[in-house]
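The values are calculated or read from the model by the stated rules, or taken from the named source; none is laboratory data. The shown structure was predicted, so the numbers you read here are calculated from the model rather than taken from an experiment. Please note: Cβ atoms are built from the backbone with ideal geometry, for glycine as well, and neighbour counts cover all protein chains shown.
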Amino acid sequence: MRRAMVIPGRSLLSGKVEVDETLIGGKDQGGKRGRGAGKKSIVAVAIEVHEPMGFGRVRMQRILDLSGDSLIPFIRGSVSTGSNVLTDSWKGYNGLEKFGYRHEKVNLSDRGDPAHVSLPGVHRVASLLKRWLLGTHQGAVSEKHLDYYLDEYTFRFNRRTSKARGLLFYRILEQAVRQTPTTFREIVGKQP
């Protein structure tokens, strides 16, 4: 059912969009914090920011590393050109302008404000995602299934204000019927 929660060809985020990355996974004993920390999975997060306050839709995707070769394709696949993309000053985001984005960098070390104050949307979503994984799944999230958990959380977050829960269930069933079947072996990651 998680595969059915993302509709192929969905519309891209637009307007003012915050982008950042977070680390998902277990603790490394004596490990490093922040970028480059151990065996955790890197998840890129983008969220629409509505002025003067409020947040719109979100997109999340696991990426290989923090280079521009991973971050820029995530943004291009999640955010429509012409949008105002707000990021921290990490070098992996350099060059967004040549793809038609207005890029606003926030240098967190110069501001003095914590990251969650300068980029509140992505940090709130990352925090809620981690809390959801810990609370709902008791932290037992397999790395090989992380992409599907991200899809489920994105689906839930983007429909958080929906009043018609029955229609949401109907849409998931409708999309599931359109998907190619997944075998049990594919789900558990074993070859036939």
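When residue 115 is evaluated against the numbered criteria (1) at pLDDT 85 or above; (2) among the hydrophobic types (A, V, I, L, M, F, W, C); (3) closer than 20 Å to residue 48 by Cα; (4) within 20 Å of the chain's Cα centre (by Cα), which criterion, by number, is the only one it fails?
Only one criterion in (1) at pLDDT 85 or above; (2) among the hydrophobic types (A, V, I, L, M, F, W, C); (3) closer than 20 Å to residue 48 by Cα; (4) within 20 Å of the chain's Cα centre (by Cα) is unmet by residue 115, namely (1).
Report whether or not residue 40 is at pLDDT 75 or above, over 27 Å from residue 137 (Cα atoms) and surrounded by 15 or more Cβ atoms within 10 Å (Cβ to Cβ).
No: the conditions fail for residue 40.
Of all residues in segment 79-112, count the ones that are hydrophobic (A, V, I, L, M, F, W, C) and at pLDDT below 90.
2
For the structure I just gave you, tell me whether residue 76 is under 17 Å from residue 14 (Cα atoms), touching a residue at least 12 places away in the same chain (Cβ under 8 Å), surrounded by 15 or more Cβ atoms within 10 Å (Cβ to Cβ) and not aromatic (Phe, Trp, Tyr).
So residue 76 passes the test.
Mind checking whether some residue in segment 114-125 is more than 21 Å from residue 40 (Cβ to Cβ), in contact with a Gly (Cβ under 8 Å, 6 or more places away or on another chain) and not β-branched (Val, Ile, Thr)?
For segment 114-125, residues more than 21 Å from residue 40 (Cβ to Cβ), in contact with a Gly (Cβ under 8 Å, 6 or more places away or on another chain) and not β-branched (Val, Ile, Thr): absent.
I'd like the residue in segment 133-162 that is among the hydrophobic types (A, V, I, L, M, F, W, C) and in contact (Cβ under 8 Å) with a residue 24 or more places away in the chain and, out of all such residues, is surrounded by the most Cβ atoms within 10 Å (Cβ to Cβ).
Ranking the qualifying residues of segment 133-162, first place goes to 150.
Every residue in segment 88-108 that is crowded, with 18+ Cβ neighbours inside 10 Å and out of contact with any Leu (no Cβ under 8 Å at 6 or more places or on another chain), please.
Once the filter is applied, which keeps residues that are crowded, with 18+ Cβ neighbours inside 10 Å and out of contact with any Leu (no Cβ under 8 Å at 6 or more places or on another chain), segment 88-108 yields 96, 101.
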